[in-house]
Structures are given as structure tokens and as C-alpha cells.
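First the structure, in the form of C-alpha cells, and then the observations on it.
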Amino acid sequence: MNLKTKISVKIKRDGIPGALSSSLRHMAHWLDNRQKKPDQKANKDEEFLNWVYFAVPGMLTPENVEAMRYAIANMPIGRPVVEIGSFCGLSTTVLSYLLSKRLGATLFFTCDKWEFEGQQTGKPLCDSLPVTHDDYQAYVKETFLRTMHTFAPNALPHTIECISDDFFRRWFANETVLDVFGREVKMGGSIGFCYIDGNHTYKYAKRDFENVDKVLVPGGLILFDDSADGSPWEVNILTREIAAENKYDLISKRPNYLFRKR
């Protein structure tokens, strides 16, 4: 889910003061972690990640990071990780970093076409005549590339520039593709963890889930962004449906839903 849309929804839902309060809480968390003592267990991880949070555009709650940390520590060994939706690379950097702490190499795939809700190709961005929607799209993609080269130079993901439907079509076909960093990689096989942060409507979130479910091994995990109870996004309808069935165990919903496949 792109940053512009998330901010817009927060303002509509909570008003400008509410959206500002949310941003201030995020900064307070950053400052709080900066003040931790050097001998605390997670300090080294948090120190690096806090610098990343401060520099890279995006919205990623501390609870999502903890869910990612849990998933990576507990996912089946030797299976790839998939992220749907990368934006400027904040969550991708966090996942790459956490994966780098795991013993053994883990393939990491992401997909994003950097197309946004309300995008109007070739037209000015709102009332800014010099800046077009094309400029905005190019900026976000270039920011992603720079982010990954800066913060994960030795653990670049295999990012495929496409929507999730095309990503899974290629995955199921075991295609060999070229990622955005110019490397060939063969897709396909089972996966151990997926972070779903693409289109949050019920229709698309369900399709992402159904595609992931086909390749997720038993014991594998799925984390849905913006799925908290009370969320304005329809993805929460889907996660409550999954929780009501018996195919997945609900690991947590603090606030977003993390599942393990039975």
C-alpha cells in the first residue's frame, strides 16, 4: 500500500491531528529505541533499523517488524520468502536485514509495478505543473533501488517489476526472469513466509492469499499489512475469515494478522 494513500486514509479517518499524532508516536518509538542501553539484547538490530526508519520513506509499525522477526525465526528452513508490494523499500530492507541474521542463505523475492491508486500517466501531479505522475512513479522506483543498494548491498532481493497476479503466474510456470537489479533468477517451488502488502481491497487481497496458499508449506507463515481489527481496509474482512477457518493458526494480531499454515 503506497504512502500517499495511507496518509490520505489516516487524515480522513482520524483528521489531521490524529494523523499527526500517529506520526509523532512513530517518532517517539524511534527515539525510545535510540536511548536503549548498549547491553540490551536487541539493541544492535534496533540501532541499525532505527537509522533505516528515519531515512527511508514508508509506514511500517514496530509490531509488524516484530511479526516479521518472529516469522523469519520460525519459518521452515530452506524455503524462500516473498513480499508483495515494496514501495520505497522500507519493509524490504527490514526483511533483508532480518534474513541476513538467519543461518544459511534464504532466497527473497518481491514484486511491485510501482503503479498507484489514482495515478494519471502523463498528467501533472495534482496542481504541480512541473511534476507529473510519471515523475512520481520514477522517483519511487529509483528510491527503492537506491534504498536496497544502500542498506542491503550484500542481500539484494529478487524484485520482479510486475503486479502480484503476474508474479504468481510466472512463479507457477517456473519461469526464469530478470529482476530489477539485472540478475536472472528461476522462480517457482514452495515458500516459507509471505508478507502481503499489495492492493488491500478484499478482491485482490483474497487472490494474493489464494496464490500464496498454493505454494506455502505447512508451518509457513503469512503476515497481512493493514489488517488490524477496525482497519478501514477490506483486507481485514479476509483475515477474519481466515481466522474463522481451520486451515491456519492465528499467531497474533497485534495489530495485524500473522498466520501459520497447519
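The values are calculated or read from the model by the stated rules, or taken from the named source; none is laboratory data. Quick caveat, the model's predicted, so the values are computed rather than measured. All Cβ positions, even for glycine, are placed from backbone atoms using ideal geometry, and neighbour counts span all protein chains on display. To get the accessible areas, we keep the full protein, side chains included, count just its heavy atoms, and leave off ligands, DNA and RNA. Shrake-Rupley method; radii C 1.70, N 1.55, O 1.52, S 1.80 Å.
Glu115 passes all but one of (1) at pLDDT 95 or above; (2) under 20 Å from Asp179 (Cβ atoms); (3) of a type outside the set (Lys, Arg); which number fails?
(1)
Condition check ((1) free of Cβ contacts under 8 Å to residues at least 60 places away in the same chain; (2) of a type in the set (Val, Ile, Thr); (3) touching a Pro at 6+ places or on another chain (Cβ under 6 Å); (4) in a strand (DSSP E or B)) across all residues:
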| residue | (1), (2), (3), (4) |
| --- | --- |
| Val212 | no, yes, no, no |
| Leu223 | no, no, no, yes |
| Pro232 | no, no, no, no |
| Asn236 | yes, no, no, no |
| Glu241 | yes, no, no, no |
| Ile251 | no, yes, no, yes |
| Leu258 | no, no, no, yes |
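Open to solvent by less than 10 Å² (accessible area, probe 1.4 Å) and among the aromatic types (Phe, Trp, Tyr): does that describe Phe151?
It is false that Phe151 is open to solvent by less than 10 Å² (accessible area, probe 1.4 Å) and among the aromatic types (Phe, Trp, Tyr).
Could you tell me whether region 106-122 includes any residue that is open to solvent by 80 Å² or more (accessible area, probe 1.4 Å), farther than 24 Å from Ile222 by Cβ and in a loop (DSSP other than H, G, I, E, B)?
Within region 106-122 (the criterion being open to solvent by 80 Å² or more (accessible area, probe 1.4 Å), farther than 24 Å from Ile222 by Cβ and in a loop (DSSP other than H, G, I, E, B)), the answer is yes, since at least one residue qualifies.
Taking region 81-105, which residues are open to solvent by 50 Å² or more (accessible area, probe 1.4 Å) and within 16 Å of Tyr70 (Cα to Cα)?
Ser100, Lys101, Leu103 - these are the residues of region 81-105 that are open to solvent by 50 Å² or more (accessible area, probe 1.4 Å) and within 16 Å of Tyr70 (Cα to Cα).
Would you be able to tell me the number of residues in region 159-183 that are polar (S, T, N, Q), free of Cβ contacts under 8 Å to residues at least 60 places away in the same chain and not in a strand (DSSP E or B)?
1
Within region 230-246, how many residues are open to solvent by 30 Å² or more (accessible area, probe 1.4 Å) and in contact with a strand residue (DSSP E or B) (Cβ under 7 Å, 6 or more places away or on another chain)?
Qualifying residue count, region 230-246: 1.
Has region 74-82 got at least one residue that is closer than 24 Å to His200 by Cβ and at pLDDT below 55?
No, region 74-82 has no match at all.
For Ser86, are the conditions met, namely being assigned to a helix (DSSP H, G or I) and under 18 Å from the mean Cα position of the chain (by Cα)?
Answer is no for this residue.
Could we say that Phe168 is more than 16 Å from the chain's Cα centre (by Cα), surrounded by 18 or more Cβ atoms within 10 Å (Cβ to Cβ) and closer than 25 Å to Lys141 by Cα here?
Criteria met by Phe168.
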